[in-house]
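Novice: Structure provided below as structure tokens; questions to follow.
Laboratory data are not the source of any read-out in this text; all were calculated from the coordinates shown. On a predicted model such as this, the values are computed, not experimentally measured, just so you know. Cβ sites come from the backbone with ideal geometry, for glycine too, and all protein chains shown count toward neighbours.
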Ligand SMILES: CCCCCCCCCCCCCCCC(=O)SCCNC(=O)CCNC(=O)[C@H](O)C(C)(C)COP(=O)(O)OP(=O)(O)OC[C@H]1O[C@@H](n2cnc3c(N)ncnc32)[C@H](O)[C@@H]1OP(=O)(O)O
Ligand SMILES: NC(=O)C1=CN([C@@H]2O[C@H](COP(=O)(O)OP(=O)(O)OC[C@H]3O[C@@H](n4cnc5c(N)ncnc54)[C@H](OP(=O)(O)O)[C@@H]3O)[C@@H](O)[C@H]2O)C=CC1
């Protein structure tokens, strides 16, 4: 039997962020691969008027659990939700629940975080740094704890070009920053944020770096490890190919491109698109949990989980794969034909933004106004441009990550484990993966039915004909205006027309002769 699966059987596991994108994949894989796991505690907060219990009921009904529902219909009985809010002191966990966790938990997986790039610094610090600090405090009270696994990001140290599997010191002590935001006025924090985060592009990556450093400072003798995935994409194989449930990272860009809204994006065609499938990240996480608990490495291990070093591919190739994926599986009712152009040149980008985004948006909004509807296209484009601007830092540069610890982990796996917890991305075939990714975005994010594909293709043909007609009309108008003003243009025009006439005459004459 697989050593990893066997290890988790009989264990009690705590997962934070279980309702999130990666958390759900983790819960599913853990329960499916180790059906003997004793219990999976998850920290959940009430949200958007939904109680914690209702949220868990909704979560287990999610499509991602379809496979395990078939294999182990009572899987949900192992899931034990605990009411918690990570930004609050003691994680807002009741003393009774804290007591239960302290006496039961064997392994902690800490996934919860805010992943928004525009998160105000105070909130990002309270959740990503103080939340981690409070969880460490709780973990240190857990009598049976064997491993504490923290999910960070490969971009936590993005101001560096080469990133080793070590914890780098941060420009400011995490605790001092936490103390500062405790008393400082929010507007003042907003104002000094660029000075505090220094070379980091956003509060997300900055606070993830602080959290890593804080773990080194405050883990005591906890047996901990850190997982650093790059851009987490749809699943490769498990529980089924192409599973994705949000608009983060590349997913939102793919969807916007598929809907024909995004027609240009700022990215370097030669920069590495370091996407790693979510199921690979979760397999690495479970394998690292097993290795940390069983082998108890002397120092805390950091695992850089990236694809650029072993199976690189770049944004330029991605452009083609995404286009051809949406040609085969078009999204319903696209605004325009999916045909996104990538450029890293500022002027060219501004030109494309004007011609391919703003002008069509203005025309469409004008049409909506004239037909008595509320204009909305310009608003959508403004949000899209903000998103592109926030992603630009990652799409225009490449990084190099050392992955010796990951290679070591792969070498530690038995043949059985390698099959059940596949983490080797060298076999990943990018065109096929991207096609499944785009199809997954259609099925699981947009919840579009595949039976609508013929109608979507028909719609695309209609859009193409409209484009041809529009371009031809525009050309004729421009040419007519030009002809009216220039003798030379008129001469060229008469020359072309007479040439066409002669050609037609010759063609007609030769076909008459043939008969
Ligand atoms: C073909 C060429 C490829 C080239 C391609 C290059 C890409 C280069 C990627 C690099 C990627 C780096 C990734 C670093 C690796 C980590 O570690 S990052 C972890 C992942 N984190 C992220 O990606 C977060 C980035 N996103 C954000 O920070 C925020 O979403 C933004 C961009 C600031 C936007 O904020 P916002 O305008 O307030 O919008 P947001 O609240 O997100 O969404 C509002 C609504 O719009 C919906 N929505 C959002 N996006 C969309 C969309 N695209 N379509 C439709 N609806 C959408 C949401 O679902 C939401 O709906 P409701 O929930 O309200 O019903
Ligand atoms: N997605 C990616 O591309 C990458 C992600 N990562 C890391 O992976 C981890 C998981 O990311 P991902 O699954 O994508 O993120 P999601 O945004 O999908 O999930 C975040 C999770 O954290 C929970 N959470 C947020 N705020 C709180 C709070 N105040 N109290 C309790 N729980 C809270 C959310 O719960 P709720 O449902 O209540 O909001 C949700 O379960 C993060 O640590 C992230 O930094 C690293 C690299 C890339």
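Novice: Explain nothing, just the number: relative contact order of the chain, from Cα pairs under 8 Å at least 6 residues apart, as a whole percent.
Specialist: 16
Novice: Also, quick follow-up: Find how many whole Å separate the alpha carbon centroid of the range 361-427 from the alpha carbon centroid of the range 173-244.
Specialist: So the separation of the two Cα centres works out to 19 Å.
Novice: Right, next: At 1.567 mPa s and 4 °C, plugging the Kirkwood radius over alpha-carbon pairs of the range 115-191 into Stokes-Einstein gives what diffusion coefficient in µm²/s?
Specialist: It diffuses with D of about 88 µm²/s by this estimate.
Novice: For the range 453-514, build the convex hull from the C-alpha positions and give me its volume per residue in Å³.
Specialist: Enclosed volume per residue, from the Cα hull, is 99 Å³.
Novice: Using DSSP, restrict attention to beta bridges with both residues in the range 1-141 and report what percent are antiparallel, rounded to the nearest 5.
Specialist: 5
Novice: Counting other beta carbons within 10 Å of each Cβ, put 34, 451 in order, fewest first.
Specialist: Least crowded to most crowded, the residues run 451, 34.
Novice: Restricting to the chain, what percent of DSSP beta bridges are antiparallel, rounded to 5?
Specialist: Around 5 percent antiparallel, to the nearest 5.
Novice: I'm a student and want to see the number: the projected area of the Cα convex hull of the range 29-71, averaged over all directions, in nm².
Specialist: 3.5
Novice: Give me the three principal axis extents of the chain from the C-alpha atoms, as integers in angstrom, largest value leading.
Specialist: Cα spread of the chain along its principal axes, largest to smallest: 96, 57, 47 Å.
Novice: If you bin the C-alpha pair distances of the range 1-151 every 10 Å from 0, what whole percents do you get?
Specialist: Calculated over all Cα pairs of the range 1-151, the distribution is 11, 41, 36, 11, 1 percent.
Novice: Based on the Kirkwood radius over alpha-carbon pairs, what value in µm²/s does the Stokes-Einstein equation return for the translational diffusion coefficient of the range 271-410 at 20 °C and 1.002 mPa s?
Specialist: 113
Novice: Tell me whether the range 314-390 comes out rounded, prolate or oblate; compute the Cα gyration tensor, take square roots of the eigenvalues as a ≥ b ≥ c, and use a/c under 1.5 as the rounded threshold.
Specialist: Cα axes put the range 314-390 in the oblate bin.
Novice: Arrange the following residues from fewest to most other Cβ atoms within 10 Å of their Cβ: 27, 497, 322, 294.
Specialist: The fewest-first ordering by Cβ neighbours comes to 497, 294, 322, 27.
Novice: Counting residues in the range 69-215 as N, plug N into 2.2 N^0.38 Å and put the Cα Rg over that result.
Specialist: It is 1.17.
Novice: Taking the Cα centroid of the range 71-150 and of the range 433-503, what is the distance between the two, rounded to the nearest whole Å?
Specialist: Taking the Cα centre of the range 433-503 as reference, the centre of the range 71-150 is 54 Å away.
Novice: Using Cα atoms only, what is the angle between the long axis of helix 377-395 and the major principal axis of the chain, expressed in degrees (0 to 90) to the nearest 10?
Specialist: Roughly 60 degrees between the two axes.
Novice: By what distance, in whole Å, do the Cα atoms of the range 189-285 stretch along each of the three principal axes, largest value first?
Specialist: Principal-axis extents of the Cα atoms in the range 189-285, largest first: 49, 40, 26 Å.
Novice: Would you mind ranking 150, 123 by Cβ crowding within 10 Å, fewest neighbours first?
Specialist: Neighbour counts put them in this order, fewest first: 123, 150.
Novice: In terms of the Cα gyration tensor, with a ≥ b ≥ c the square roots of its eigenvalues, is the range 81-137 rounded because a/c is under 1.5, prolate because a/b exceeds b/c, or oblate? Numbers along the way, then the final one.
Specialist: Working: a/c = 2.60, a/b = 1.99, b/c = 1.30.
Here the range 81-137 falls in the prolate category.
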